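One structure coming up, written as structure tokens, with questions to follow.
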Amino acid sequence: MPSALTPRQAIEAYCSAFARRAADEIGPLFAENAVFDLPLQDGRLHGREQIMRETRTALRGLKNIEVVLDHITEQGSTAFAEGYFHGEPIGIPPHVDGRPARLDFKFVAVAVVEDGKVTRWTEYFDTKPLKPREHTRIYPITRRSPYWQGTEEAGVSEFMIYNHVYFPLVYHHSPAEEYAALTERVTLWDVGCERQTEIAGPDAVAFASYLTTRDLAKLKPGDCRYTIACDPEGQIICDPVLLHPKKDLIWLSHGDADLTLWARGIALQGRYEVELREPDVAPLQIQGPHAIEVLRPLTEAPIEQIGFYKCVTTRVAGIEAVVSRTGWSGGPGYEVFPLSSHGAMDLWQALREAGRPFEMMVVGPIVDRAVEKGVTDTAYHSNSGMNPYEAGHGRLVDLDKGEFVGRDALARIAAEGPKRKTVGLFIEGDLPRLEWYWPLEDERGRAGEVRWAVHSWALDRSIGIALVDAAVAIGETVRLHHPLGSPRATVTDLPFL
Amino acid sequence: MTTAPALQAYLDAFAAKNVEAVAALFAEGAVYELPLLGQRLVGRREIEAGLARAFALAERCAFEISAAQSSGTATIAEGRLKAKLHRDRDPVEMPAAIVLQTRDGAIARLSTYLDARPYRLWSDGPIFAVTRRSRKHPTGSIHAERPHAPPGH
């Protein structure tokens, strides 16, 4: 590569290196203090370091890139070019009907070169395919989170309905950008749909113990537990995080199941002195390596003293809240549970402000990362139909702790041995979207079901989590059937990382 | 006419909303497109009718060019489009790049790179795509048509 580029050469070298995903060749093209302008995205990157960070993330998320330059002009220190870009995004599975995911657009690029280095790069291209402005139609039968306005402003485009609440899942970022934000910086999630089953009263811990599978004898105020609620047949209703913010108060922060209604029905037996309700508590997750730095200046209690799976009642940005060192990222992070949704948007704004120096990104739960870490979520009406032993959660069942819902069934299952088990899969090829569970079978025809399937950014391959026959062994090959074909997969242990 | 004067002539005629003057700059089979919005007009007659329709939406509209360069028959420019649409209370302003190619002194292709996102209400519908009726009656009747397609069209 010539040491002093002309503007025309800079455009040609940049496009060529981009098409070959050669990030290392792009860095030296830019001056230390270069700016990278995306006028149609209202975006501007400052300095080579930031330009290269975003370039690496973009290249990580694209394959089969083609850049064709139709016209280049050059005068003095500036060159203009018109061209055509084509690429296929990684981590956005193709449509279920087999149409490939693709990103293509025409663009105009401008390069200004001083002393042989690019000092300004400007690119005009449409981001609509990447960043749809529309969102799913919304109906008033489903509740909104108190952070609704914040997620709208952050550009939410798709929701899931979870605990009868709209759950923002998709924003205007590529999967590669979101994964980088979670693993390298910090992310903010509206998980207001994570509802709390509040158990209050002198028998709160005893009632929670009756409702869930883990032994709570050693539970102290300030403790949290990952636990399971089962039905009388031992099937998982949900796998909540139990919080014990103070004496005589338990929250089961639960997944998509009507746990509070279930608990209220059980409380009607009158054997426990408890009051059951779903409080107006809508949590946020702050996940990623800089989560602690975002929360530190806002949180009254010393954030360093909150241990893993511990919680504290304090103030965050002046708003009364429970802060716990928990979350769904499988990595460092916290959950903030404001004690009322009054002021929820103030909390949101304060967190966004505190996150600004760390380029905090508003995201939905990042399933790609969760699956890598073996973190899942079990919902009674969809991906349950299994008991804790089959889910790989046998360690969370304490049959000796005394009476609890599902104990007899679980004792029987434990004695007989579970019929199925949860395993990891390395799946060949790219994956379509998982819109429903994919059947699989091993060489002897033993059946199973793929329940999670994602692109692993850390391993650069397709991975999944499946419920299979208990006799299927680690290392065995299975064949699964998804809408685009029947690839093979190798059974492996969980977690992947 | 060389390419740079062609750009200036286009910008002047556009700012004057002078559809005849714009059309006169184009070759018979020219292409006028908004590549990022997926809209294009083909041929001088379609360009004239389409731009008449677009100009009818606007109280005023003009490009402000910050830099432009030519090489051979191609000219590339960057700048901003400033417009005040009849239906809007406030003017809009957006970044834009223009690529123009000439053949025998006439514009053979003009591409305007505008973003689709911030102005969806404007760009969702055809900005200058001609209707069946205006195809049959390429002059005169166009200005009388409603500037907006009804919802659902």
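Look through the stretch A:259-270, keep the residues that are touching a residue at least 60 places away in the same chain (Cβ under 8 Å) and surrounded by fewer than 23 Cβ atoms within 10 Å (Cβ to Cβ), and return whichever of them is farthest from A:Cys230 (Cα to Cα). Please lay out each step first, then the result.
Within the stretch A:259-270, the subset touching a residue at least 60 places away in the same chain (Cβ under 8 Å) is A:259-260, A:263, A:266-267.
Next cut, surrounded by fewer than 23 Cβ atoms within 10 Å (Cβ to Cβ) only: A:260, A:266-267.
Details: A:Thr260: 13, A:Ile266: 13, A:Ala267: 16 Å.
The selected residue is A:Ala267.
Just need a number here: residues in the stretch A:181-212 that are touching a strand residue (DSSP E or B) at 6+ places or on another chain (Cβ under 9 Å) and either over 28 Å from A:Tyr139 (Cβ atoms) or part of a strand (DSSP E or B) (or both). Don't jump to the end; show me each part of the working.
Initial filter on the stretch A:181-212 (touching a strand residue (DSSP E or B) at 6+ places or on another chain (Cβ under 9 Å)): A:181-182, A:185-201, A:204-205, A:207-208, A:211-212.
Applying the additional criterion that residues be either over 28 Å from A:Tyr139 (Cβ atoms) or part of a strand (DSSP E or B) (or both) yields A:181-182, A:185-190, A:195-201, A:204-205, A:207-208, A:211-212.
Within the stretch A:181-212, residues that are touching a strand residue (DSSP E or B) at 6+ places or on another chain (Cβ under 9 Å) and either over 28 Å from A:Tyr139 (Cβ atoms) or part of a strand (DSSP E or B) (or both) number 21.
Against the conditions (1) away from chain A (no Cβ under 14 Å); (2) assigned to a helix (DSSP H, G or I); (3) within 25 Å of A:Asp126 (Cβ to Cβ), where does B:Ala23 fall short? Just the number, please.
Condition (3) is where B:Ala23 drops out.
Here's a follow-up. Kindly state which strands (runs of 3 or more DSSP E) lie completely within the stretch B:50-104 and contain at least 3 residues that are more than 17 Å from the chain's Cα centre (by Cα). Before you say what the answer is, go through the steps one by one.
Values: elements: B:58-71, B:74-85, B:92-103.
By residue number, B:58-71.
If A:Trp148 meets every condition in (1) of a type outside the set (Ser, Thr, Tyr); (2) surrounded by fewer than 22 Cβ atoms within 10 Å (Cβ to Cβ); (3) touching a residue at least 60 places away in the same chain (Cβ under 8 Å) apart from one, which number is that one?
Of (1) of a type outside the set (Ser, Thr, Tyr); (2) surrounded by fewer than 22 Cβ atoms within 10 Å (Cβ to Cβ); (3) touching a residue at least 60 places away in the same chain (Cβ under 8 Å), only one is false for A:Trp148: (3).
Looking at (1) closer than 30 Å to A:Gln50 by Cα; (2) under 22 Å from the mean Cα position of the chain (by Cα), which one does A:His393 not meet, given that it meets all the others?
(1)
Could I ask something else about it? Out of the residues in the stretch B:26-42 that are assigned to a loop (DSSP other than H, G, I, E, B) and surrounded by 17 or more Cβ atoms within 10 Å (Cβ to Cβ), which is modelled with the lowest pLDDT?
Keep residues of the stretch B:26-42 that are assigned to a loop (DSSP other than H, G, I, E, B), which gives B:35-38.
From the residues that got through so far, the ones that are surrounded by 17 or more Cβ atoms within 10 Å (Cβ to Cβ) too are B:35-37.
Working: B:Pro35: 84, B:Leu36: 80, B:Leu37: 75.
The qualifying residue modelled with the lowest pLDDT is B:Leu37.
Output the residues belonging to the stretch A:37-87 that are more than 11 Å from chain B (Cβ to nearest Cβ), in contact with a helix residue (DSSP H, G or I) (Cβ under 7 Å, 6 or more places away or on another chain) and not small (Gly, Ala, Ser).
Hits for the stretch A:37-87 are A:Leu45, A:Arg48, A:Met52, A:Thr55, A:Arg56, A:Thr57, A:Leu59, A:Arg60, A:Ile65, A:Glu66, A:Val67, A:Leu69.
Does A:Leu459 fit the bill of being aliphatic (A, V, I, L, M) and more than 20 Å from A:Met386 (Cα to Cα)? Walk me through it before giving the result.
Values: aliphatic (A, V, I, L, M): yes; more than 20 Å from A:Met386 (Cα to Cα): yes.
When the stated conditions are applied, A:Leu459 passes them.
Oh, and also: So which residues in the stretch A:398-422 are farther than 23 Å from A:Val478 by Cα, in a loop (DSSP other than H, G, I, E, B) and in contact with a Phe, Trp or Tyr (Cβ under 7 Å, 6 or more places away or on another chain)?
Step one: list which residues in the stretch A:398-422 are farther than 23 Å from A:Val478 by Cα, which gives A:398-416.
In the following step, the residues that additionally are in a loop (DSSP other than H, G, I, E, B) were identified as A:398-406.
A:Glu403, A:Phe404, A:Val405 - these are the residues of the stretch A:398-422 that are farther than 23 Å from A:Val478 by Cα, in a loop (DSSP other than H, G, I, E, B) and in contact with a Phe, Trp or Tyr (Cβ under 7 Å, 6 or more places away or on another chain).
On to the next question. Please verify whether the stretch A:125-135 includes one or more residues that are away from chain B (no Cβ under 14 Å), out of contact with any helix residue (DSSP H, G or I) (no Cβ under 9 Å at 6 or more places or on another chain) and either modelled with pLDDT under 95 or over 27 Å from B:Leu34 (Cβ atoms) (or both).
From the stretch A:125-135, those away from chain B (no Cβ under 14 Å) are none; that's our starting set.
For the stretch A:125-135, residues away from chain B (no Cβ under 14 Å), out of contact with any helix residue (DSSP H, G or I) (no Cβ under 9 Å at 6 or more places or on another chain) and either modelled with pLDDT under 95 or over 27 Å from B:Leu34 (Cβ atoms) (or both): absent.
With the structure loaded, tell me whether A:Val294 is under 26 Å from A:Arg144 (Cβ atoms), in contact (Cβ under 8 Å) with a residue 40 or more places away in the chain and not assigned by TED's automatic domain parsing to the domain that holds A:Ala200 or whether it fails that test.
Numbers: under 26 Å from A:Arg144 (Cβ atoms): yes; in contact (Cβ under 8 Å) with a residue 40 or more places away in the chain: yes; not assigned by TED's automatic domain parsing to the domain that holds A:Ala200: yes.
So A:Val294 passes the test.
Find the residue count for the stretch A:453-476, including only residues that are assigned to a loop (DSSP other than H, G, I, E, B) and within 16 Å of the chain's Cα centre (by Cα). Step through it out loud before you land on a result.
Going residue by residue through the stretch A:453-476, those that are assigned to a loop (DSSP other than H, G, I, E, B) are A:457-460, A:470-476.
If we keep only those that are within 16 Å of the chain's Cα centre (by Cα) as well, we get A:457-458.
Summing the residues that are assigned to a loop (DSSP other than H, G, I, E, B) and within 16 Å of the chain's Cα centre (by Cα) in the stretch A:453-476 gives 2.
For A:Val110, are the conditions met, namely being at pLDDT 95 or above and within 9 Å of chain B (Cβ to nearest Cβ)? It would help to see each step written out before you state the result.
Values: at pLDDT 95 or above: yes; within 9 Å of chain B (Cβ to nearest Cβ): yes.
Yes, satisfied.
Then there's this: Checking the conditions here, which among A:Asp37, A:Asp24, A:Asp70 is in contact with a Lys or Arg (Cβ under 7 Å, 6 or more places away or on another chain) and not assigned by TED's automatic domain parsing to the domain that holds A:Glu177?
Only one candidate qualifies: A:Asp37.
Output yes when any residue across the stretch A:222-229 is within 18 Å of A:Asn383 (Cβ to Cβ), touching a helix residue (DSSP H, G or I) at 6+ places or on another chain (Cβ under 8 Å) and in a strand (DSSP E or B), and no when none is.
Yes, some residue in the stretch A:222-229 is within 18 Å of A:Asn383 (Cβ to Cβ), touching a helix residue (DSSP H, G or I) at 6+ places or on another chain (Cβ under 8 Å) and in a strand (DSSP E or B).
Quick check, is A:Leu103 in contact (Cβ under 8 Å) with a residue 24 or more places away in the chain, more than 25 Å from B:Ser70 (Cβ to Cβ), within 14 Å of chain B (Cβ to nearest Cβ) and surrounded by fewer than 19 Cβ atoms within 10 Å (Cβ to Cβ)?
Details: in contact (Cβ under 8 Å) with a residue 24 or more places away in the chain: yes; more than 25 Å from B:Ser70 (Cβ to Cβ): yes; within 14 Å of chain B (Cβ to nearest Cβ): yes; surrounded by fewer than 19 Cβ atoms within 10 Å (Cβ to Cβ): yes.
Against the criterion (in contact (Cβ under 8 Å) with a residue 24 or more places away in the chain, more than 25 Å from B:Ser70 (Cβ to Cβ), within 14 Å of chain B (Cβ to nearest Cβ) and surrounded by fewer than 19 Cβ atoms within 10 Å (Cβ to Cβ)), A:Leu103 qualifies.
While we're looking at this one, here's another question. Checking the structure you have, find out if any residue of the stretch A:263-283 is under 24 Å from the mean Cα position of the chain (by Cα), modelled with pLDDT of 95 or more, part of a loop (DSSP other than H, G, I, E, B) and over 19 Å from A:Pro146 (Cα atoms).
Looking through the stretch A:263-283, none of the residues is under 24 Å from the mean Cα position of the chain (by Cα), modelled with pLDDT of 95 or more, part of a loop (DSSP other than H, G, I, E, B) and over 19 Å from A:Pro146 (Cα atoms).
Tell me yes or no: at least one residue of the stretch A:279-297 is within 15 Å of A:Val405 (Cα to Cα) and buried (at least 23 other Cβ atoms within 10 Å of the Cβ).
First, pick out the residues of the stretch A:279-297 that are within 15 Å of A:Val405 (Cα to Cα): none.
No - not one qualifying residue is present in the stretch A:279-297.
To keep it simple, each residue is scored yes or no on (1) touching a helix residue (DSSP H, G or I) at 6+ places or on another chain (Cβ under 7 Å); (2) among the aromatic types (Phe, Trp, Tyr); (3) within 17 Å of A:Arg185 (Cα to Cα).
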| site | (1), (2), (3) |
| --- | --- |
| A:Phe337 | no, yes, no |
| A:His342 | no, no, no |
| A:Leu351 | yes, no, yes |
| A:Val371 | no, no, no |
| A:Gly374 | no, no, no |
| A:Tyr380 | no, yes, no |
| A:Met386 | no, no, no |
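Further question: From the list A:Leu494, A:Leu434, A:Leu467, A:Leu484, pick out the single residue that is aliphatic (A, V, I, L, M), under 23 Å from A:Tyr380 (Cβ atoms) and modelled with pLDDT under 95. Step through it out loud before you land on a result.
Values: A:Leu494 fails: modelled with pLDDT under 95; A:Leu467 fails: modelled with pLDDT under 95; A:Leu484 fails: under 23 Å from A:Tyr380 (Cβ atoms).
Just a single option satisfies the conditions, and that option is A:Leu434.
Can you name the residue in the stretch A:38-50 that is under 29 Å from the mean Cα position of the chain (by Cα) and in contact (Cβ under 8 Å) with a residue 40 or more places away in the chain and, of all such residues, is surrounded by the most Cβ atoms within 10 Å (Cβ to Cβ)?
A:Leu40
How about the stretch B:68-102: which of its residues are on the phi < 0 side of the Ramachandran plot, of a type outside the set (Lys, Arg) and exposed (fewer than 15 other Cβ atoms within 10 Å of the Cβ)?
B:His86, B:Asp90, B:Pro91, B:Glu93
Continuing with the same structure: Are any residues in the stretch A:329-345 in contact with a strand residue (DSSP E or B) (Cβ under 7 Å, 6 or more places away or on another chain) and either crowded, with 24+ Cβ neighbours inside 10 Å or under 12 Å from A:Leu284 (Cβ atoms) (or both), and if so, which ones?
Listed by number, the residues that qualify are A:Gly333, A:Tyr334, A:Glu335, A:Val336, A:Phe337, A:Pro338, A:Ala344.
Can you find, within the stretch B:26-48, the residue that is nearest to B:Asp104 (Cα to Cα) among those that are away from chain A (no Cβ under 14 Å) and among the aliphatic types (A, V, I, L, M)?
Only one residue fits best here, namely B:Ala27.
One residue is enough: does the stretch B:50-67 have a residue meeting the conditions within 14 Å of chain A (Cβ to nearest Cβ), touching a strand residue (DSSP E or B) at 6+ places or on another chain (Cβ under 8 Å) and touching a residue at least 24 places away in the same chain (Cβ under 8 Å)?
Restricting attention to the stretch B:50-67, the residues satisfying the condition of being within 14 Å of chain A (Cβ to nearest Cβ) are B:63-67.
Next, from what is left, pick out any that are touching a strand residue (DSSP E or B) at 6+ places or on another chain (Cβ under 8 Å): B:63-67.
Subsequent filtering for residues that are touching a residue at least 24 places away in the same chain (Cβ under 8 Å) retains B:63, B:65.
Among the residues of the stretch B:50-67, at least one is within 14 Å of chain A (Cβ to nearest Cβ), touching a strand residue (DSSP E or B) at 6+ places or on another chain (Cβ under 8 Å) and touching a residue at least 24 places away in the same chain (Cβ under 8 Å), which makes the answer yes.
The values are calculated or read from the model by the stated rules, or taken from the named source; none is laboratory data. Given the structure is predicted, the values throughout are model-derived calculations rather than measurements. Cβ coordinates were reconstructed from backbone atoms using ideal geometry, including for glycine residues, and neighbour counts include every protein chain displayed.
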